[in-house]
Amino acid sequence: MIVHHGVIYTVDSSFTVVEAMAIKDGKIVATGSNDQILSAYTAEQQVDAGGAPIYPGWIDAHAHFVGYGQSLYTVDLFGTSSWEEAVERVKQFAARHPEMEWIQGRGWDQNKWPGKKFPDNRLLNESFPDRPVVLTRIDGHASIANNEALKRAGIQAGQTIEGGAILANNGVATGVLIDNADNAVYAAMPAPAPADMEKQLLQAQENCFAMGLTSITDCGLSNSMVTFIDSLQQKGKLAMRLNVMLSDEEENFAIWLKKGPYETDRLRVASFKVYGDGALGSRGACLIHDYTDQPGWKGFLLRSIAHYDSVAALLINSPFQMCTHAIGDSANRALLTIYAKYLKGKNERRWRIEHAQVIHPEDFAYYGNYNIIPSIQPTHATSDMYWAVDRLGTERLKGGYAFRQLLDQNGWIPLGTDFPVEDISPYKTFLASVFRKDSKGFPAGGFQMENALTREQTIRGMTIWAAKAAMQEKQLGSLEAGKKADFILLSQDLMKVTEQQVLATKVVSTYIGGKQVFQQR
(Lines give C-alpha, C1' and ligand atoms only; values in the text may rest on other atoms or scores of the structure.)
Protein backbone atom coordinates (compact mmCIF):
# COMPACT_ATOMS: atom_id res chain seq x y z
CA MET A 1 0.00 0.00 0.00
CA ILE A 2 1.05 3.56 -0.69
CA VAL A 3 -0.59 6.46 1.14
CA HIS A 4 0.11 9.79 -0.54
CA HIS A 5 -0.90 13.45 -0.61
CA GLY A 6 -1.54 13.50 3.10
CA VAL A 7 -0.36 15.67 5.96
CA ILE A 8 1.24 12.82 7.86
CA TYR A 9 2.32 13.50 11.43
CA THR A 10 4.92 10.82 12.02
CA VAL A 11 5.27 11.70 15.74
CA ASP A 12 8.92 10.74 15.52
CA SER A 13 11.50 12.39 17.77
CA SER A 14 11.34 15.59 15.69
CA PHE A 15 7.57 15.51 15.14
CA THR A 16 8.30 15.38 11.41
CA VAL A 17 5.46 15.94 8.93
CA VAL A 18 5.63 14.09 5.59
CA GLU A 19 3.36 13.63 2.56
CA ALA A 20 3.47 9.91 1.86
CA MET A 21 4.36 6.48 3.19
CA ALA A 22 4.87 3.00 1.79
CA ILE A 23 3.53 -0.04 3.64
CA LYS A 24 4.27 -3.74 3.19
CA ASP A 25 3.18 -6.76 5.24
CA GLY A 26 1.44 -4.52 7.75
CA LYS A 27 4.53 -2.39 8.48
CA ILE A 28 5.80 0.96 7.29
CA VAL A 29 8.67 0.65 4.82
CA ALA A 30 9.40 4.33 4.24
CA THR A 31 8.04 7.85 4.65
CA GLY A 32 8.79 10.99 2.67
CA SER A 33 7.51 13.35 0.03
CA ASN A 34 4.98 12.32 -2.61
CA ASP A 35 7.70 12.26 -5.27
CA GLN A 36 10.08 10.22 -3.12
CA ILE A 37 7.58 7.49 -2.25
CA LEU A 38 5.70 7.30 -5.57
CA SER A 39 8.92 7.12 -7.59
CA ALA A 40 10.61 4.55 -5.35
CA TYR A 41 7.65 2.19 -4.72
CA THR A 42 4.73 0.64 -6.56
CA ALA A 43 1.63 -0.88 -4.99
CA GLU A 44 -1.70 -2.28 -6.14
CA GLN A 45 -3.44 -0.40 -3.34
CA GLN A 46 -2.99 3.34 -3.22
CA VAL A 47 -4.73 5.78 -0.90
CA ASP A 48 -4.89 9.38 -2.05
CA ALA A 49 -5.45 11.22 1.23
CA GLY A 50 -6.46 14.40 -0.59
CA GLY A 51 -4.58 16.59 1.85
CA ALA A 52 -6.21 15.04 4.92
CA PRO A 53 -4.31 15.00 8.21
CA ILE A 54 -2.99 11.56 9.14
CA TYR A 55 -1.91 10.57 12.63
CA PRO A 56 -0.72 7.36 14.25
CA GLY A 57 -3.71 5.42 15.55
CA TRP A 58 -4.70 6.68 18.98
CA ILE A 59 -3.52 4.59 21.92
CA ASP A 60 -5.53 4.77 25.13
CA ALA A 61 -3.00 4.26 27.92
CA HIS A 62 -5.60 3.45 30.59
CA ALA A 63 -9.07 2.10 29.90
CA HIS A 64 -11.35 -0.85 30.52
CA PHE A 65 -12.11 -2.30 27.11
CA VAL A 66 -13.85 -5.40 28.46
CA GLY A 67 -15.78 -3.34 31.01
CA TYR A 68 -16.83 -0.91 28.30
CA GLY A 69 -18.16 -3.76 26.19
CA GLN A 70 -20.16 -5.04 29.14
CA SER A 71 -21.50 -1.56 29.88
CA LEU A 72 -23.00 -1.34 26.39
CA TYR A 73 -25.49 -4.03 27.42
CA THR A 74 -26.46 -2.60 30.81
CA VAL A 75 -28.59 0.34 31.94
CA ASP A 76 -27.01 3.61 30.85
CA LEU A 77 -27.11 5.91 33.87
CA PHE A 78 -24.66 8.52 32.57
CA GLY A 79 -26.02 12.03 32.68
CA THR A 80 -28.95 11.31 35.00
CA SER A 81 -30.04 14.42 36.87
CA SER A 82 -31.59 12.66 39.88
CA TRP A 83 -31.87 9.29 41.60
CA GLU A 84 -35.50 9.11 40.52
CA GLU A 85 -34.46 9.45 36.87
CA ALA A 86 -31.89 6.71 37.35
CA VAL A 87 -34.46 4.29 38.77
CA GLU A 88 -36.88 5.14 35.95
CA ARG A 89 -34.19 4.20 33.41
CA VAL A 90 -33.69 0.89 35.24
CA LYS A 91 -37.41 0.16 35.07
CA GLN A 92 -37.54 0.87 31.34
CA PHE A 93 -34.50 -1.31 30.69
CA ALA A 94 -35.90 -4.16 32.79
CA ALA A 95 -39.19 -4.04 30.87
CA ARG A 96 -37.27 -4.39 27.58
CA HIS A 97 -35.20 -7.30 28.92
CA PRO A 98 -37.48 -9.69 30.83
CA GLU A 99 -35.02 -12.52 30.07
CA MET A 100 -32.32 -11.00 32.29
CA GLU A 101 -32.27 -12.42 35.82
CA TRP A 102 -29.94 -9.70 37.12
CA ILE A 103 -30.21 -6.06 36.11
CA GLN A 104 -26.98 -4.11 35.92
CA GLY A 105 -26.37 -0.44 35.25
CA ARG A 106 -23.53 2.03 35.31
CA GLY A 107 -22.86 5.75 35.27
CA TRP A 108 -24.72 7.40 38.16
CA ASP A 109 -23.02 10.28 39.93
CA GLN A 110 -24.61 11.72 43.06
CA ASN A 111 -22.44 14.84 42.70
CA LYS A 112 -24.67 15.85 39.76
CA TRP A 113 -27.91 15.36 41.71
CA PRO A 114 -29.70 17.78 44.06
CA GLY A 115 -28.07 17.61 47.50
CA LYS A 116 -25.06 15.65 46.16
CA LYS A 117 -25.76 12.82 48.64
CA PHE A 118 -25.67 9.07 48.14
CA PRO A 119 -29.17 7.65 47.55
CA ASP A 120 -30.66 4.67 49.37
CA ASN A 121 -32.24 1.63 47.72
CA ARG A 122 -35.88 2.08 48.80
CA LEU A 123 -37.09 3.03 45.32
CA LEU A 124 -35.25 0.04 43.86
CA ASN A 125 -36.78 -2.30 46.42
CA GLU A 126 -40.28 -1.05 45.62
CA SER A 127 -39.78 -1.52 41.89
CA PHE A 128 -37.81 -4.77 42.08
CA PRO A 129 -38.77 -6.76 45.19
CA ASP A 130 -37.62 -10.13 43.76
CA ARG A 131 -35.24 -9.29 40.91
CA PRO A 132 -31.63 -8.44 41.89
CA VAL A 133 -30.38 -5.04 40.72
CA VAL A 134 -26.92 -3.53 41.10
CA LEU A 135 -25.92 -0.15 39.70
CA THR A 136 -22.28 0.90 39.50
CA ARG A 137 -21.24 4.49 40.17
CA ILE A 138 -19.56 6.34 37.29
CA ASP A 139 -16.05 5.76 38.71
CA GLY A 140 -16.53 2.04 39.34
CA HIS A 141 -15.66 2.54 43.01
CA ALA A 142 -19.15 2.35 44.49
CA SER A 143 -22.42 0.58 43.74
CA ILE A 144 -25.99 0.61 44.95
CA ALA A 145 -27.82 -2.70 45.17
CA ASN A 146 -31.40 -3.53 46.03
CA ASN A 147 -32.23 -5.81 48.96
CA GLU A 148 -32.61 -8.87 46.73
CA ALA A 149 -29.06 -8.43 45.43
CA LEU A 150 -27.74 -7.84 48.96
CA LYS A 151 -29.49 -10.99 50.13
CA ARG A 152 -28.04 -13.15 47.36
CA ALA A 153 -24.58 -11.77 48.12
CA GLY A 154 -24.95 -12.30 51.88
CA ILE A 155 -24.33 -8.62 52.63
CA GLN A 156 -25.66 -7.13 55.86
CA ALA A 157 -25.23 -3.85 57.69
CA GLY A 158 -22.44 -3.94 60.25
CA GLN A 159 -20.12 -6.24 58.33
CA THR A 160 -16.48 -5.17 58.25
CA ILE A 161 -14.82 -5.27 54.83
CA GLU A 162 -11.15 -4.47 54.27
CA GLY A 163 -10.89 -1.61 51.81
CA GLY A 164 -14.62 -1.10 51.64
CA ALA A 165 -17.68 0.19 53.44
CA ILE A 166 -21.32 -0.90 53.67
CA LEU A 167 -23.30 2.27 54.24
CA ALA A 168 -26.17 2.01 56.71
CA ASN A 169 -28.83 4.19 58.26
CA ASN A 170 -30.03 3.30 61.77
CA GLY A 171 -28.52 -0.15 61.41
CA VAL A 172 -30.17 -0.85 58.05
CA ALA A 173 -28.06 -1.19 54.89
CA THR A 174 -28.85 1.59 52.41
CA GLY A 175 -27.63 -0.50 49.48
CA VAL A 176 -24.63 1.76 48.88
CA LEU A 177 -21.40 -0.26 48.79
CA ILE A 178 -18.05 1.52 48.61
CA ASP A 179 -15.06 -0.10 46.86
CA ASN A 180 -14.41 -3.69 48.04
CA ALA A 181 -17.83 -3.89 49.69
CA ASP A 182 -19.53 -4.59 46.35
CA ASN A 183 -17.25 -7.51 45.39
CA ALA A 184 -19.64 -10.06 46.90
CA VAL A 185 -22.53 -8.78 44.78
CA TYR A 186 -20.66 -9.17 41.51
CA ALA A 187 -19.36 -12.57 42.62
CA ALA A 188 -22.97 -13.71 43.14
CA MET A 189 -23.92 -12.91 39.55
CA PRO A 190 -23.86 -15.67 36.94
CA ALA A 191 -20.97 -15.47 34.47
CA PRO A 192 -21.93 -14.23 31.00
CA ALA A 193 -22.05 -16.77 28.18
CA PRO A 194 -19.10 -16.77 25.73
CA ALA A 195 -21.39 -15.69 22.90
CA ASP A 196 -22.49 -12.67 24.94
CA MET A 197 -18.91 -11.75 25.80
CA GLU A 198 -17.92 -11.96 22.15
CA LYS A 199 -20.81 -9.70 21.15
CA GLN A 200 -19.81 -7.18 23.83
CA LEU A 201 -16.16 -7.07 22.76
CA LEU A 202 -16.91 -6.78 19.06
CA GLN A 203 -19.33 -3.90 19.67
CA ALA A 204 -16.73 -2.18 21.86
CA GLN A 205 -14.15 -2.63 19.12
CA GLU A 206 -16.45 -1.16 16.47
CA ASN A 207 -17.07 1.93 18.60
CA CYS A 208 -13.36 2.36 19.33
CA PHE A 209 -12.34 2.07 15.67
CA ALA A 210 -14.84 4.80 14.84
CA MET A 211 -12.96 7.04 17.29
CA GLY A 212 -9.57 6.23 15.75
CA LEU A 213 -8.43 4.01 18.61
CA THR A 214 -6.13 1.22 17.44
CA SER A 215 -4.56 0.09 20.71
CA ILE A 216 -5.84 0.07 24.28
CA THR A 217 -4.36 -0.77 27.66
CA ASP A 218 -7.05 -2.74 29.50
CA CYS A 219 -6.45 -2.38 33.21
CA GLY A 220 -7.10 -5.44 35.37
CA LEU A 221 -8.27 -8.67 33.71
CA SER A 222 -8.50 -12.27 34.84
CA ASN A 223 -6.54 -15.10 33.29
CA SER A 224 -9.72 -16.57 31.80
CA MET A 225 -10.59 -13.28 30.08
CA VAL A 226 -7.07 -12.98 28.66
CA THR A 227 -7.42 -16.50 27.25
CA PHE A 228 -10.80 -15.60 25.73
CA ILE A 229 -9.43 -12.41 24.13
CA ASP A 230 -6.45 -14.30 22.73
CA SER A 231 -8.76 -16.89 21.19
CA LEU A 232 -10.87 -14.20 19.47
CA GLN A 233 -7.74 -12.54 18.11
CA GLN A 234 -6.28 -15.83 16.89
CA LYS A 235 -9.54 -16.54 15.04
CA GLY A 236 -9.31 -13.13 13.36
CA LYS A 237 -12.48 -11.85 15.02
CA LEU A 238 -10.89 -9.24 17.30
CA ALA A 239 -8.51 -6.87 15.53
CA MET A 240 -8.00 -4.33 18.33
CA ARG A 241 -4.50 -4.32 19.80
CA LEU A 242 -4.62 -4.78 23.57
CA ASN A 243 -2.00 -4.31 26.25
CA VAL A 244 -3.52 -6.20 29.18
CA MET A 245 -2.77 -5.57 32.82
CA LEU A 246 -3.52 -8.66 34.88
CA SER A 247 -5.63 -8.09 37.97
CA ASP A 248 -4.18 -8.42 41.45
CA GLU A 249 -5.36 -12.00 42.06
CA GLU A 250 -3.54 -15.02 43.46
CA GLU A 251 -4.43 -17.10 40.39
CA ASN A 252 -2.88 -14.54 38.05
CA PHE A 253 0.35 -14.39 40.05
CA ALA A 254 0.56 -18.18 40.25
CA ILE A 255 0.09 -18.64 36.50
CA TRP A 256 1.86 -15.67 35.00
CA LEU A 257 4.96 -15.30 37.18
CA LYS A 258 5.79 -18.88 36.23
CA LYS A 259 4.76 -18.43 32.58
CA GLY A 260 6.30 -15.02 31.97
CA PRO A 261 5.11 -12.23 29.64
CA TYR A 262 3.13 -13.11 26.54
CA GLU A 263 3.07 -11.22 23.26
CA THR A 264 1.46 -11.73 19.87
CA ASP A 265 0.86 -9.29 17.02
CA ARG A 266 -2.30 -8.01 18.77
CA LEU A 267 -1.87 -8.86 22.45
CA ARG A 268 0.68 -8.03 25.12
CA VAL A 269 0.46 -9.34 28.69
CA ALA A 270 3.37 -8.05 30.79
CA SER A 271 1.99 -6.06 33.72
CA PHE A 272 -0.15 -6.29 36.85
CA LYS A 273 -2.83 -3.83 37.96
CA VAL A 274 -3.04 -3.17 41.70
CA TYR A 275 -5.61 -0.98 43.46
CA GLY A 276 -4.27 1.46 46.04
CA ASP A 277 -7.41 3.37 46.98
CA GLY A 278 -10.84 4.32 45.68
CA ALA A 279 -12.07 7.45 43.92
CA LEU A 280 -12.43 11.05 44.99
CA GLY A 281 -16.06 11.28 43.91
CA SER A 282 -17.15 8.53 46.30
CA ARG A 283 -14.71 9.73 49.00
CA GLY A 284 -12.78 6.49 48.77
CA ALA A 285 -9.54 8.20 47.71
CA CYS A 286 -7.03 8.02 50.57
CA LEU A 287 -5.93 11.49 51.72
CA ILE A 288 -3.22 12.62 54.12
CA HIS A 289 -5.58 15.09 55.76
CA ASP A 290 -9.36 15.02 56.20
CA TYR A 291 -11.75 15.62 53.34
CA THR A 292 -12.66 19.29 53.37
CA ASP A 293 -16.34 18.43 53.02
CA GLN A 294 -16.28 15.54 55.53
CA PRO A 295 -14.15 16.32 58.59
CA GLY A 296 -12.89 13.22 60.38
CA TRP A 297 -12.73 11.19 57.15
CA LYS A 298 -9.59 10.54 55.10
CA GLY A 299 -10.74 7.68 52.85
CA PHE A 300 -8.84 4.39 52.93
CA LEU A 301 -6.44 2.04 51.18
CA LEU A 302 -8.07 -1.01 49.63
CA ARG A 303 -5.41 -3.41 50.92
CA SER A 304 -2.74 -3.34 53.60
CA ILE A 305 0.65 -1.69 53.10
CA ALA A 306 2.13 -5.15 53.57
CA HIS A 307 0.17 -6.39 50.55
CA TYR A 308 1.50 -3.67 48.24
CA ASP A 309 5.02 -4.28 49.52
CA SER A 310 4.68 -8.01 48.87
CA VAL A 311 3.51 -7.42 45.28
CA ALA A 312 6.43 -5.07 44.64
CA ALA A 313 8.83 -7.64 46.10
CA LEU A 314 7.46 -10.27 43.70
CA LEU A 315 7.47 -8.12 40.60
CA ILE A 316 10.89 -6.50 41.04
CA ASN A 317 12.40 -9.94 40.42
CA SER A 318 10.24 -10.53 37.35
CA PRO A 319 9.90 -8.94 33.90
CA PHE A 320 6.42 -7.60 34.73
CA GLN A 321 5.48 -3.96 35.28
CA MET A 322 3.72 -2.93 38.47
CA CYS A 323 0.87 -0.53 37.76
CA THR A 324 -1.05 0.80 40.75
CA HIS A 325 -4.24 2.84 40.93
CA ALA A 326 -3.57 5.74 43.31
CA ILE A 327 -5.76 8.84 43.46
CA GLY A 328 -5.41 10.45 46.89
CA ASP A 329 -2.17 12.06 48.10
CA SER A 330 -1.84 9.50 50.89
CA ALA A 331 -2.26 6.57 48.50
CA ASN A 332 0.24 8.11 46.10
CA ARG A 333 2.75 8.67 48.89
CA ALA A 334 2.35 5.11 50.17
CA LEU A 335 2.85 3.52 46.74
CA LEU A 336 5.61 5.89 45.65
CA THR A 337 7.51 5.07 48.84
CA ILE A 338 7.18 1.33 48.19
CA TYR A 339 8.18 1.73 44.53
CA ALA A 340 11.25 3.73 45.58
CA LYS A 341 12.24 1.01 48.05
CA TYR A 342 12.48 -1.58 45.28
CA LEU A 343 13.46 0.51 42.26
CA LYS A 344 16.38 2.09 44.15
CA GLY A 345 16.91 5.05 41.80
CA LYS A 346 16.93 5.61 38.04
CA ASN A 347 15.74 2.58 36.05
CA GLU A 348 13.90 1.37 32.93
CA ARG A 349 11.25 -0.74 34.66
CA ARG A 350 8.52 1.82 33.90
CA TRP A 351 6.44 1.02 36.94
CA ARG A 352 3.32 3.12 36.75
CA ILE A 353 0.94 5.01 38.98
CA GLU A 354 -2.47 4.97 37.37
CA HIS A 355 -4.33 8.31 37.71
CA ALA A 356 -1.82 10.12 40.00
CA GLN A 357 -4.62 12.58 40.67
CA VAL A 358 -3.72 14.30 43.93
CA ILE A 359 -0.02 14.65 44.77
CA HIS A 360 1.48 16.28 47.85
CA PRO A 361 4.00 18.96 46.78
CA GLU A 362 6.81 17.04 48.49
CA ASP A 363 6.08 13.87 46.51
CA PHE A 364 6.31 14.95 42.85
CA ALA A 365 10.06 14.28 42.87
CA TYR A 366 9.50 10.55 43.41
CA TYR A 367 8.30 10.28 39.81
CA GLY A 368 11.50 11.75 38.39
CA ASN A 369 13.97 10.30 40.90
CA TYR A 370 12.76 6.73 40.31
CA ASN A 371 11.46 7.04 36.73
CA ILE A 372 7.94 6.20 37.90
CA ILE A 373 5.38 6.81 35.15
CA PRO A 374 2.25 8.81 35.97
CA SER A 375 -0.54 7.46 33.75
CA ILE A 376 -3.15 10.23 33.60
CA GLN A 377 -6.61 10.84 32.15
CA PRO A 378 -7.23 14.50 31.21
CA THR A 379 -11.03 14.22 31.21
CA HIS A 380 -10.96 13.26 34.88
CA ALA A 381 -9.88 16.82 35.58
CA THR A 382 -12.71 18.37 33.59
CA SER A 383 -15.28 15.97 35.08
CA ASP A 384 -14.12 16.45 38.68
CA MET A 385 -13.46 20.20 38.56
CA TYR A 386 -17.07 21.02 39.48
CA TRP A 387 -16.71 19.50 42.96
CA ALA A 388 -13.04 18.62 43.51
CA VAL A 389 -12.45 21.83 45.45
CA ASP A 390 -15.23 20.76 47.84
CA ARG A 391 -13.35 17.54 48.59
CA LEU A 392 -9.83 18.97 48.70
CA GLY A 393 -9.97 22.71 49.42
CA THR A 394 -8.18 25.35 47.35
CA GLU A 395 -4.61 24.74 48.51
CA ARG A 396 -4.61 20.95 48.17
CA LEU A 397 -6.28 21.18 44.75
CA LYS A 398 -3.10 22.82 43.39
CA GLY A 399 -1.45 19.39 43.51
CA GLY A 400 -4.46 17.81 41.80
CA TYR A 401 -4.64 16.98 38.08
CA ALA A 402 -1.17 18.51 37.78
CA PHE A 403 -0.33 17.18 34.34
CA ARG A 404 2.44 19.63 33.48
CA GLN A 405 4.18 19.13 36.83
CA LEU A 406 4.02 15.38 36.30
CA LEU A 407 5.24 15.64 32.70
CA ASP A 408 8.27 17.62 33.84
CA GLN A 409 9.40 14.74 36.06
CA ASN A 410 10.36 12.35 33.25
CA GLY A 411 9.81 14.46 30.15
CA TRP A 412 7.00 12.25 28.86
CA ILE A 413 3.56 11.17 30.04
CA PRO A 414 0.95 8.70 28.72
CA LEU A 415 -2.67 9.80 28.33
CA GLY A 416 -5.87 7.77 28.52
CA THR A 417 -9.56 8.07 29.30
CA ASP A 418 -10.38 5.35 31.86
CA PHE A 419 -13.46 4.57 29.77
CA PRO A 420 -16.23 3.64 30.56
CA VAL A 421 -15.65 5.89 33.58
CA GLU A 422 -15.27 8.67 31.01
CA ASP A 423 -16.30 8.88 27.36
CA ILE A 424 -14.15 6.89 24.90
CA SER A 425 -13.52 10.02 22.79
CA PRO A 426 -9.82 10.89 22.27
CA TYR A 427 -10.99 14.34 21.15
CA LYS A 428 -12.40 15.07 24.59
CA THR A 429 -8.98 13.98 25.92
CA PHE A 430 -7.32 16.47 23.57
CA LEU A 431 -9.68 19.28 24.59
CA ALA A 432 -9.21 18.60 28.30
CA SER A 433 -5.43 18.33 27.99
CA VAL A 434 -4.75 21.39 25.85
CA PHE A 435 -7.58 23.75 26.79
CA ARG A 436 -8.54 22.25 30.20
CA LYS A 437 -12.24 22.52 29.34
CA ASP A 438 -15.10 20.05 29.14
CA SER A 439 -17.46 19.47 26.23
CA LYS A 440 -19.64 22.37 27.40
CA GLY A 441 -16.71 24.79 27.04
CA PHE A 442 -16.47 25.22 30.81
CA PRO A 443 -14.75 26.99 32.47
CA ALA A 444 -14.26 30.04 30.26
CA GLY A 445 -10.57 30.48 31.07
CA GLY A 446 -9.74 26.80 31.49
CA PHE A 447 -9.24 24.81 34.69
CA GLN A 448 -5.83 25.38 36.30
CA MET A 449 -4.24 26.31 32.96
CA GLU A 450 -0.74 26.20 34.45
CA ASN A 451 -1.03 22.43 34.07
CA ALA A 452 -2.24 22.39 30.45
CA LEU A 453 -0.18 20.42 27.94
CA THR A 454 0.69 21.69 24.46
CA ARG A 455 -0.89 20.21 21.34
CA GLU A 456 2.30 18.31 20.47
CA GLN A 457 2.69 16.97 24.01
CA THR A 458 -0.93 15.84 23.98
CA ILE A 459 -0.60 14.07 20.62
CA ARG A 460 2.54 12.35 21.89
CA GLY A 461 0.71 11.34 25.06
CA MET A 462 -2.02 9.75 22.94
CA THR A 463 0.43 7.90 20.68
CA ILE A 464 4.15 7.34 21.23
CA TRP A 465 4.21 8.02 24.98
CA ALA A 466 1.21 5.74 25.50
CA ALA A 467 3.11 3.05 23.58
CA LYS A 468 6.23 3.71 25.65
CA ALA A 469 4.26 3.27 28.89
CA ALA A 470 3.37 -0.23 27.63
CA MET A 471 6.97 -1.01 26.53
CA GLN A 472 5.78 -0.97 22.91
CA GLU A 473 7.40 2.17 21.50
CA LYS A 474 9.53 0.13 19.08
CA GLN A 475 6.43 -1.31 17.42
CA LEU A 476 3.67 1.27 17.89
CA GLY A 477 2.94 4.94 18.47
CA SER A 478 4.62 6.65 15.51
CA LEU A 479 4.67 6.37 11.73
CA GLU A 480 8.28 5.37 11.09
CA ALA A 481 9.98 2.71 9.01
CA GLY A 482 9.79 -0.70 10.67
CA LYS A 483 6.75 0.07 12.80
CA LYS A 484 3.25 -1.33 12.48
CA ALA A 485 1.09 0.63 10.09
CA ASP A 486 -1.61 1.76 12.49
CA PHE A 487 -2.91 5.14 11.35
CA ILE A 488 -6.01 7.31 10.98
CA LEU A 489 -7.27 9.91 8.54
CA LEU A 490 -9.14 12.77 10.18
CA SER A 491 -11.66 15.31 8.90
CA GLN A 492 -9.62 18.18 10.34
CA ASP A 493 -6.18 18.77 11.81
CA LEU A 494 -5.91 18.77 15.61
CA MET A 495 -2.63 20.67 15.39
CA LYS A 496 -4.46 23.56 13.68
CA VAL A 497 -8.16 23.58 14.67
CA THR A 498 -9.58 26.11 17.07
CA GLU A 499 -10.69 25.10 20.54
CA GLN A 500 -14.34 25.29 19.41
CA GLN A 501 -13.68 22.91 16.49
CA VAL A 502 -11.94 20.11 18.41
CA LEU A 503 -15.01 18.03 19.22
CA ALA A 504 -16.25 18.28 15.63
CA THR A 505 -13.29 16.15 14.51
CA LYS A 506 -14.41 12.99 12.69
CA VAL A 507 -12.46 9.89 11.79
CA VAL A 508 -12.50 9.35 8.02
CA SER A 509 -10.84 5.95 8.21
CA THR A 510 -8.87 3.77 10.61
CA TYR A 511 -6.14 1.30 9.66
CA ILE A 512 -4.47 -1.41 11.72
CA GLY A 513 -1.44 -3.12 10.23
CA GLY A 514 -2.20 -1.45 6.90
CA LYS A 515 -5.71 -2.95 6.82
CA GLN A 516 -8.74 -0.69 6.93
CA VAL A 517 -10.95 -1.46 9.92
CA PHE A 518 -13.23 1.60 9.78
CA GLN A 519 -14.54 3.84 7.02
CA GLN A 520 -16.80 6.80 7.64
CA ARG A 521 -20.12 6.22 5.92
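The values are calculated or read from the model by the stated rules, or taken from the named source; none is laboratory data. These figures come from a predicted structure and were not determined experimentally. Counting neighbours? That spans all protein chains shown, and the Cβs are built from the backbone with ideal geometry, glycine included. Please note that ligands, DNA and RNA were not included when accessible areas were found on the heavy atoms of the full protein model with its side chains. Shrake-Rupley method; radii C 1.70, N 1.55, O 1.52, S 1.80 Å.
Across the range 342-356, the number of residues qualifying as more than 14 Å from residue 469 (Cα to Cα), open to solvent by 10 Å² or more (accessible area, probe 1.4 Å) and either touching a residue at least 40 places away in the same chain (Cβ under 8 Å) or assigned to a loop (DSSP other than H, G, I, E, B) (or both) comes to 3.
Scan the range 257-275 for residues that are over 15 Å from residue 472 (Cα atoms) and crowded, with 20+ Cβ neighbours inside 10 Å and the total you get is 4. Within the option set 477, 400, being under 20 Å from the mean Cα position of the chain (by Cα) and over 30 Å from residue 26 (Cα atoms) holds for one residue only, 400. In this structure, is residue 515 over 16 Å from residue 217 (Cβ atoms) and basic (Lys, Arg)? Yes, satisfied.
Scanning the range 146-172 for residues that are more than 26 Å from the chain's Cα centre (by Cα) and in contact (Cβ under 8 Å) with a residue 24 or more places away in the chain turns up 146, 147, 149, 150, 152, 153, 154, 155, 167, 169. If you go through the range 381-404 and keep only what is β-branched (Val, Ile, Thr) and under 15 Å from residue 359 (Cα atoms), you end up with 389, 394. Among the criteria (1) free of Cβ contacts under 8 Å to residues at least 60 places away in the same chain; (2) more than 29 Å from residue 319 (Cβ to Cβ), the one residue 424 does not fulfil is (1). For the range 75-103, residues that are closer than 17 Å to residue 143 by Cβ and within 25 Å of the chain's Cα centre (by Cα) total 7. When you check residue 305 against the structure, is it under 22 Å from the mean Cα position of the chain (by Cα) and within 30 Å of residue 381 (Cα to Cα), yes or no? It is false that residue 305 is under 22 Å from the mean Cα position of the chain (by Cα) and within 30 Å of residue 381 (Cα to Cα). Remark: residue 245 matches the filter, which requires a residue to be open to solvent by less than 10 Å² (accessible area, probe 1.4 Å), within 28 Å of residue 484 (Cβ to Cβ) and within 16 Å of the chain's Cα centre (by Cα). Of the helices (runs of 4 or more DSSP H) entirely within the range 365-452, those holding at least 1 residues that are at negative phi and surrounded by fewer than 16 Cβ atoms within 10 Å (Cβ to Cβ) occupy 388-397, 403-410. Scanning the range 119-131 for residues that are in contact (Cβ under 8 Å) with a residue 40 or more places away in the chain and open to solvent by less than 20 Å² (accessible area, probe 1.4 Å) yields a total of 3. On the stretch given as the range 186-238, residues that are part of a strand (DSSP E or B) and either of a type outside the set (A, V, I, L, M) or open to solvent by 30 Å² or more (accessible area, probe 1.4 Å) (or both) total 6.
Within the range 454-477, the set of residues being part of a loop (DSSP other than H, G, I, E, B), touching a Pro at 6+ places or on another chain (Cβ under 8 Å) and either β-branched (Val, Ile, Thr) or surrounded by fewer than 23 Cβ atoms within 10 Å (Cβ to Cβ) (or both) comprises just one member, 463.
Of all residues in the range 5-16, at least one satisfies being over 28 Å from residue 217 (Cα atoms) and touching a strand residue (DSSP E or B) at 6+ places or on another chain (Cβ under 9 Å).
The residue pairs whose first member lies in the range 48-70 and is closer than 10 Å to residue 418 by Cα and in contact (Cβ under 8 Å) with a residue 12 or more places away in the chain, whose second member is in a loop (DSSP other than H, G, I, E, B) and among the basic types (Lys, Arg), and whose beta carbons are closer than 6 Å, counting only pairs six or more residues apart or on different chains, do not exist in this structure.
Counting the residues of the range 393-436 that are more than 17 Å from residue 457 (Cα to Cα) and among the charged types (D, E, K, R) gives 6. Among the residues of the range 276-321, those identified as touching a residue at least 24 places away in the same chain (Cβ under 8 Å), assigned to a helix (DSSP H, G or I) and open to solvent by 10 Å² or more (accessible area, probe 1.4 Å) are 305, 309, 313, 314.
Criterion applied to 175, 212, 163 was being under 30 Å from residue 484 (Cα atoms) and touching a Leu at 6+ places or on another chain (Cβ under 9 Å), and the one residue passing it is 212.
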